[in-house]
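Chemist: Got a structure for you, written out below as structure tokens; questions coming shortly.
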Amino acid sequence: MKKIFITGASSGIGHALATEYARRYQHQGVTIGLVARRSEHLLKIAHHLNQYYQTKCYIYPCDVREANAVAMSAQDFIQQAGVPNIVIANAGVSVGTLTDYQEDINAFQTVMDINVMGMVHTFQPFIATMQQSRVSGNQAQLVGVASVAGIRGLPGAGAYSASKAATMTYLESLRTEMQHYDIAVTTIAPGYIRTPMTDINTYAMPFLMDVDVFAKKFVDAVEKQKRFTVIPWQMGVIAKLLRLMPPILWDRLTKHAPRKRRKNFQK
């Protein structure tokens, strides 16, 4: 019986992952914890997965910025379903930001709180019990969703690029720490995936991938316990080239690049 805990599960990548796990393990049995802020979406997803795949779902309407709320959700899932085999920190937000606008400070804070601290809040409540469970030979894996946008700083996306660079470094540190307990840590860096988050983009998105296809490749990578992978693979090639590009060339390339639309998050 697989036990999966997924944040950001109400739409986009999180929704697609829950569906893929339900489909793939419907005959072996799977229980999924679904976390997101929108309870009405979680209820619909849980009903759908139960109806079509007989998947047991526990829903947790909460904000990953609230450490106590996430910890209570984790505790309840462990009590109801048992220690999860896989915890996926997927919750994230992407908006355009510019440092020269004072009103964008709230957006910077929100992006960092959700994308970085939300990941910490997601993993922390599970680690002790996963360490204990791993002694009994159970699978234990932490999976974080980063982004190719974290490879180099993108114009107009300072908050998002910085947050995803931080998640990649954080996940690498976590992987070195968890190896002592034989807990796998996987970093998935998506390129452009067709979701509500990318639907608002008005610029070209190379190698745009449907979210259902992405979810299949995501689960494949998790099953192989890959340390770091970029999906789709074409963006992985580009990511390697970006790492090698001299700053002066990157500056010239991005000087007139299109930018994501700004959004002001109110406190």
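Chemist: Working carefully through the options 34, 43, find the one that is assigned to a helix (DSSP H, G or I) and either within 27 Å of residue 213 (Cβ to Cβ) or in contact (Cβ under 8 Å) with a residue 24 or more places away in the chain (or both).
Modeler: 43
Chemist: Same structure again: Does any residue of region 9-27 turn out to be out of contact with any Phe, Trp or Tyr (no Cβ under 9 Å at 6 or more places or on another chain), in a strand (DSSP E or B) and crowded, with 18+ Cβ neighbours inside 10 Å?
Modeler: no
Chemist: Something else: Working only within region 75-96, note down all residues that are outside any loop (DSSP other than H, G, I, E, B), farther than 16 Å from residue 144 by Cα and at pLDDT 95 or above.
Modeler: Looking only at region 75-96, we keep the residues that are outside any loop (DSSP other than H, G, I, E, B), and these are 75-81, 86-89, 96.
Add one more test, that the residue is farther than 16 Å from residue 144 by Cα, and what stays is 75-81, 96.
Once the filter is applied, which keeps residues that are outside any loop (DSSP other than H, G, I, E, B), farther than 16 Å from residue 144 by Cα and at pLDDT 95 or above, region 75-96 yields 75, 76, 77, 78, 79, 80, 81.
Chemist: Oh, and also: What residue, of 168, 119, is touching a Gly at 6+ places or on another chain (Cβ under 9 Å) and buried (at least 24 other Cβ atoms within 10 Å of the Cβ)?
Modeler: On inspection, the qualifying residue turns out to be 119.
Chemist: If you don't mind, another one. State yes or no: is residue 100 surrounded by fewer than 23 Cβ atoms within 10 Å (Cβ to Cβ) and either in a strand (DSSP E or B) or without any contact (Cβ under 8 Å) to a residue 40 or more places away in the chain (or both)?
Modeler: Spelling it out, residue 100 is indeed surrounded by fewer than 23 Cβ atoms within 10 Å (Cβ to Cβ) and either in a strand (DSSP E or B) or without any contact (Cβ under 8 Å) to a residue 40 or more places away in the chain (or both).
Chemist: Answer yes if at least one residue in region 159-181 is in a helix (DSSP H, G or I), over 18 Å from the mean Cα position of the chain (by Cα) and under 15 Å from residue 97 (Cβ atoms), and no otherwise.
Modeler: No: region 159-181 contains no residue that is in a helix (DSSP H, G or I), over 18 Å from the mean Cα position of the chain (by Cα) and under 15 Å from residue 97 (Cβ atoms).
Chemist: Is it the case that residue 129 is touching a residue at least 24 places away in the same chain (Cβ under 8 Å), more than 17 Å from the chain's Cα centre (by Cα) and part of a loop (DSSP other than H, G, I, E, B)?
Modeler: No; evaluated as a whole, the condition is false for this residue.
Chemist: Of the residues that make up region 38-50, is at least one at positive phi and modelled with pLDDT of 95 or more?
Modeler: No, the conditions are met nowhere in region 38-50.
The values are calculated or read from the model by the stated rules, or taken from the named source; none is laboratory data. Worth saying up front: this structure is predicted, and the values here are computed from it rather than measured. We place every Cβ from the backbone using ideal geometry, glycine too, and count neighbours over all the protein chains shown.
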